[in-house]
Every structure is written in C-alpha cells, then in structure tokens.
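Shown next, in structure tokens, is the structure this report addresses.
The values are calculated or read from the model by the stated rules, or taken from the named source; none is laboratory data. Just so it is clear, the structure is predicted and the values come from calculations on it, not from any experiment. We place every Cβ from the backbone using ideal geometry, glycine too, and count neighbours over all the protein chains shown. For the accessible areas, the whole protein counts, side chains as well, though only heavy atoms, and no ligand, DNA or RNA atoms are used. Shrake-Rupley method; radii C 1.70, N 1.55, O 1.52, S 1.80 Å.
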Amino acid sequence: MTTPLPTSQVNIPPGVIDLGVGDPPFSLLPLALLREAAETRFSQNDPYFLQYGAEQGDGYFRLALANFLAEGFGFPVTADRLFITNGISNALDQICTLFTHPGDTILIEEPSYFLALRIFADHGLHTISIETDEDGLLIESLEEKLREFRPKFLYVIPTHQNPSGHTLSADRRARLVELSREHDFLILADEVYHFLSYNSEPPKAFAAWTEDAHVLSLGSFSKILAPGLRFGWIQAHPEKLQRLTGCGLLDSGGGLNPFTSAMVRSVIESGGLKQNIARLTGIYSSKLRVMDGALRRHLTEAVYSVPSGGYFFWVRLPGGIDAVELQRRAVGFKVNFRPGVRFSSRGGLRDRIRLSFVFYEPQEIEQGVIRLKQCLEHGE
C-alpha cells in the first residue's frame with residue numbers, strides 16, 4: 001500500500017477534535033474565487049507576472065492593495081508605502097535578518113505567538129517579555145523594561161491577539177508610538193486579525209502611524225483569503241522599505257510573489273476580497289458564540305473573556321491544572337488544544353490553554369468542549 005503524501009500542515013489523527021488548530025477550515029478556502037481570478041488574469045495574454053518581479057512588489061497590485069486598505073482602515077494608504085512579502089512569518093524573518101544581529105534584545109508580549117518566538121530564536125535574539133491584561137500590553141511594564149534594556153524592536157499583535165484574543169486599547173497604542181520615538185526602537189505590529197472583527201470596530205490600526213519611521217505594520221492574506229498563497233505585505237516609511245528592497249535576496253530573485261500578486265489583484269479589483277471577508281466574519285462570529293456557549297455549559301469553572309474578533313479563546317483552567325499534563329490525558333479522549341506554556345517566553349502560563357473556534361463546525365466545537373470536560377473530570 002502506498003503511504004499518502006502530506007498535502008497540508010493540518011494533520012489531525014482520525015476521530016480527534018483538535019481545538020488548537022489555528023487555521024481556516026478547508027470548506028472556507030475560496031477555490032472558486034481564486035479560479036475565477038486566475039482565468040481573468042490568464043485571459044489577458046500578458047505574461048508579465050511570469051517574469052522576475054519588481055523588488056518592492058508589483059506596482060499595479062500595490063495600488064489595488066492600497067485602495068483596499070484605505071477603505072478598510074479609514075485613512076489614506078499609498079502604494080509607495082507598501083512592500084510585498086511571502087506572509088508575516090517571512091516578513092518577520094526578513095526584518096530580523098536586516099535590522100538585528102544575534103544577541104540583540106527585543107521585546108514581546110506575555111503571552112505571544114509561539115511560532116514568532118521560534119523565528120526570533122532562529123536569529124539568536126534575546127527576548128524580554130512585557131506583561132499584558134485585557135487591554136493589551138501594560139505600558140507600565142514596558143516603561144520598566146525600557147529603563148533597563150535598549151531593544152531593537154517590540155513585536156506586538158495589537159488586535160484580537162494570538163493567543164489571548166485581547167485588543168490593545170487606543171490610548172496604549174498612542175503611548176506605545178511615543179515610547180518608540182523616545183527610546184528609538186521599532187514597533188512590529190502584526191495586524192493579521194484586524195479585518196476579522198465581529199461585533200465592534202477595533203482601535204485605529206498601527207498602519208496609521210507608518211509616517212513615523214519607527215512603525216512597521218505587517219499584514220497577511222492568510223486569514224482573510226487563503227494561507228496557501230503565502231502572501232502578505234509590510235506598510236512602513238520609505239526609509240525602512242528601502243532597506244528591505246535593497247537586500248541581496250531581492251537583488252538576486254526579484255520581488256516576492258509576482259504570480260500570486262496578479263491573481264489577488266483580480267480578487268481585490270472584482271470586490272471578491274471584500275465579499276470573502278464579510279462571509280468569514282459572519283460565519284466566524286456564529287462559531288464564536290457556539291464556543292462561548294459550550295464553555296459556559298460544560299467548563300463552568302474555567303475563566304476566560306469573550307474575544308471580539310480573531311480566532312481564539314484564552315482559557316484559564318480551574319484549580320491550577322497543568323495544561324501540558326492535561327494534554328497528555330486528552331489523547332485518550334480524542335481532543336486536543338494548545339497549552340499556554342507554548343506562548344510564554346519564560347516557561348509560564350502553565351494553567352492556560354488556547355482554543356480555536358474557526359476550524360470546526362458548530363456540533364464538533366460542542367463535542368470538543370464536552371470531551372475536554374470529560375478529560376478534566378477524569379483527572380479529579
């Protein structure tokens with residue numbers, strides 16, 4: 001028998017409900033929309049997108065993206081302030097390569113996105129964590145660290161944060177920009193969930209502060225279109241973009257993703273991206289309510305706040321239960337999640353778990369929470 005070859009990063013054992021998966025469901029990947037976009041682009045008989053691309057990214061695509069972002073953010077965005085990437089992970093790796101050296105100090109939130117921590121470790125960076133609450137990172141904690149350290153940058157997920165779901169308040173955003181000027185560090189704002197807001201508009205995106213050379217806003221199509229595109233952007237001051245466009249990687253290989261740029265340009269110009277986001281927010285907001293209801297019914301002693309967007313619930317387990325040990329037991333109940341310690345740079349948050357409400361259908365979300373309850377009861 002031939003062993004099936006892997007086709008995606010999602011690899012869940014049969015019968016298991018993995019509430020830790022932070023990916024869109026296969027059913028919502030817009031195959032028809034992208035097929036139509038490809039047909040439109042190929043029908044024009046212009047092979048420009050099969051050539052090496054312009055270093056900053058295809059100009060026509062950046063213009064279409066600028067128009068989309070200006071409408072979504074509610075303030076002007078120009079194509080000359082946009083740089084095309086292979087997604088936020090690639091953007092972080094490029095920034096680390098070009099703006100840091102091994103041993104440099106950077107600041108992160110506690111908790112923070114665990115795979116970003118992997119990228120920073122690959123570059124030999126020294127991470128210092130900043131305390132957070134339900135309004136995002138604590139300015140007092142940041143100011144305390146700035147009296148001791150001179151960081152190269154602060155990495156922050158300001159809107160519907162991964163894993164906490166929290167959103168940085170408007171006042172704290174403004175103060176953070178002030179501090180970046182005073183102490184001369186970069187802000188890397190990972191704004192991947194900004195357009196996935198379900199019941200209220202988030203505060204002004206950090207993209208609004210990119211007139212300031214200290215702010216880089218990172219965006220991606222992974223959550224609003226399809227992660228397999230490996231496609232995103234950086235919005236920043238020309239001074240910072242010049243460093244990116246002048247690097248050896250692009251001098252050798254040209255701009256990133258000219259082929260995908262042509263396809264997604266058609267999606268944007270047709271209105272398909274805007275429609276897709278509206279579809280996603282409607283479905284995800286319904287699933288969010290399903291998970292909230294399931295947690296209220298079945299995990300009555302767990303502590304959490306209901307997110308206003310994004311993908312995740314951040315749950316504190318009752319009685320100081322160690323989530324890593326719970327995960328070991330969960331195998332027998334065919335349920336999984338992500339332990340909080342994975343999102344900590346200092347080995348903390350051991351009584352927390354991250355649950356995603358987007359990947360499964362409502363009945364599977366309910367069943368997954370029931371299995372988690374059974375697992376908790378079994379250990380008592």
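So is Y198 under 30 Å from F357 (Cβ atoms), hydroxyl-bearing (S, T, Y), open to solvent by 20 Å² or more (accessible area, probe 1.4 Å) and modelled with pLDDT of 95 or more or not?
Criteria met by Y198.
Report whether or not R346 is out of contact with any Pro (no Cβ under 9 Å at 6 or more places or on another chain), within 27 Å of K223 (Cα to Cα) and either of a type in the set (F, W, Y) or surrounded by fewer than 22 Cβ atoms within 10 Å (Cβ to Cβ) (or both). Spell out the reasoning first.
Numbers: out of contact with any Pro (no Cβ under 9 Å at 6 or more places or on another chain): yes; within 27 Å of K223 (Cα to Cα): no; either of a type in the set (F, W, Y) or surrounded by fewer than 22 Cβ atoms within 10 Å (Cβ to Cβ) (or both): yes.
Spelling it out, it is not the case that R346 is out of contact with any Pro (no Cβ under 9 Å at 6 or more places or on another chain), within 27 Å of K223 (Cα to Cα) and either of a type in the set (F, W, Y) or surrounded by fewer than 22 Cβ atoms within 10 Å (Cβ to Cβ) (or both).
Restricting attention to segment 281-322, which residues are surrounded by 15 or more Cβ atoms within 10 Å (Cβ to Cβ), hydroxyl-bearing (S, T, Y) and assigned to a helix (DSSP H, G or I)?
T281, Y284, S285
Pull up segment 5-36, narrow it to residues that are farther than 18 Å from R230 by Cβ and touching a Ser or Thr at 6+ places or on another chain (Cβ under 7 Å), then point me to the one that is surrounded by the most Cβ atoms within 10 Å (Cβ to Cβ).
Checked segment 5-36; the qualifying residue surrounded by the most Cβ atoms within 10 Å (Cβ to Cβ) is L19.
Having 1 or more residues that are open to solvent by 40 Å² or more (accessible area, probe 1.4 Å), more than 21 Å from W209 (Cα to Cα) and modelled with pLDDT of 95 or more is the bar; report the strands (runs of 3 or more DSSP E) wholly within segment 82-162 that clear it.
126-133
List the residue pairs whose Cβ atoms are under 7 Å apart, where the first residue sits in segment 299-313 and is over 18 Å from T159 (Cβ atoms), the second is in a loop (DSSP other than H, G, I, E, B), and the two are 6 or more positions apart or on different chains.
Matching pairs, first to second residue: A302/L317.
Identify all residues within segment 314-331 that are closer than 15 Å to R342 by Cα and either within 20 Å of the chain's Cα centre (by Cα) or not basic (K, R) (or both); write none if there are none.
W314, V315, D322, A323, V324, E325, L326, Q327 - these are the residues of segment 314-331 that are closer than 15 Å to R342 by Cα and either within 20 Å of the chain's Cα centre (by Cα) or not basic (K, R) (or both).
With the requirement that a residue be within 20 Å of the chain's Cα centre (by Cα) and without any contact (Cβ under 8 Å) to a residue 12 or more places away in the chain, what does segment 120-164 give you?
Scanning segment 120-164 gives a single hit, A121.
Under 6 Å between Cβ atoms, which residue pairs at least 6 apart in sequence (or on different chains) link something in segment 244-259 that is of a type outside the set (F, W, Y) with a partner that is in a helix (DSSP H, G or I)?
What qualifies is C247/L98; P258/F49.
Out of (1) touching a strand residue (DSSP E or B) at 6+ places or on another chain (Cβ under 9 Å); (2) at pLDDT below 95, what's the single condition that is false for G379?
(1)
Any idea which of S252, S266, S286 is touching a Ser or Thr at 6+ places or on another chain (Cβ under 8 Å), of a type in the set (S, T, Y) and more than 25 Å from V156 (Cα to Cα)? I'd like the intermediate steps shown before the answer.
Details: S252 fails: touching a Ser or Thr at 6+ places or on another chain (Cβ under 8 Å); S286 fails: touching a Ser or Thr at 6+ places or on another chain (Cβ under 8 Å).
Just a single option satisfies the conditions, and that option is S266.
Starting from segment 348-369, take each residue that is farther than 14 Å from K287 by Cβ and list its partners that are among the small types (G, A, S) and open to solvent by 30 Å² or more (accessible area, probe 1.4 Å), counting only C-beta distances under 6 angstrom and pairs at least six apart or across chains.
What qualifies is D351/G320.
Quick one: which residue in E39, E55 is more than 20 Å from T159 (Cα to Cα), buried (at least 19 other Cβ atoms within 10 Å of the Cβ), over 21 Å from the mean Cα position of the chain (by Cα) and of a type outside the set (S, T, N, Q)?
Going through E39, E55 in turn, the sole match is E55.
Return the residues of segment 216-259 that are open to solvent by 40 Å² or more (accessible area, probe 1.4 Å) and part of a loop (DSSP other than H, G, I, E, B); say none if nothing qualifies.
R230, H237, G246
Looking for something at pLDDT 95 or above, part of a loop (DSSP other than H, G, I, E, B) and open to solvent by 100 Å² or more (accessible area, probe 1.4 Å) - is there at least one such residue anywhere in segment 63-78?
yes
So in segment 332-342, with the set limited to residues that are crowded, with 18+ Cβ neighbours inside 10 Å and part of a helix (DSSP H, G or I), which one is farthest from the chain's Cα centre (by Cα)?
F333
Assess whether F312 counts as being in contact with a strand residue (DSSP E or B) (Cβ under 7 Å, 6 or more places away or on another chain) and either under 29 Å from S169 (Cβ atoms) or modelled with pLDDT of 95 or more (or both).
yes
Would segment 174-181 turn up any residue that is surrounded by fewer than 24 Cβ atoms within 10 Å (Cβ to Cβ), in contact (Cβ under 8 Å) with a residue 24 or more places away in the chain and part of a loop (DSSP other than H, G, I, E, B)?
no
Touching a residue at least 60 places away in the same chain (Cβ under 8 Å), among the β-branched types (V, I, T), under 30 Å from D46 (Cβ atoms) and surrounded by fewer than 19 Cβ atoms within 10 Å (Cβ to Cβ): does that describe I277? Break it down into steps so the answer makes sense when it comes.
Values: touching a residue at least 60 places away in the same chain (Cβ under 8 Å): yes; among the β-branched types (V, I, T): yes; under 30 Å from D46 (Cβ atoms): yes; surrounded by fewer than 19 Cβ atoms within 10 Å (Cβ to Cβ): yes.
So I277 fits the description; yes.
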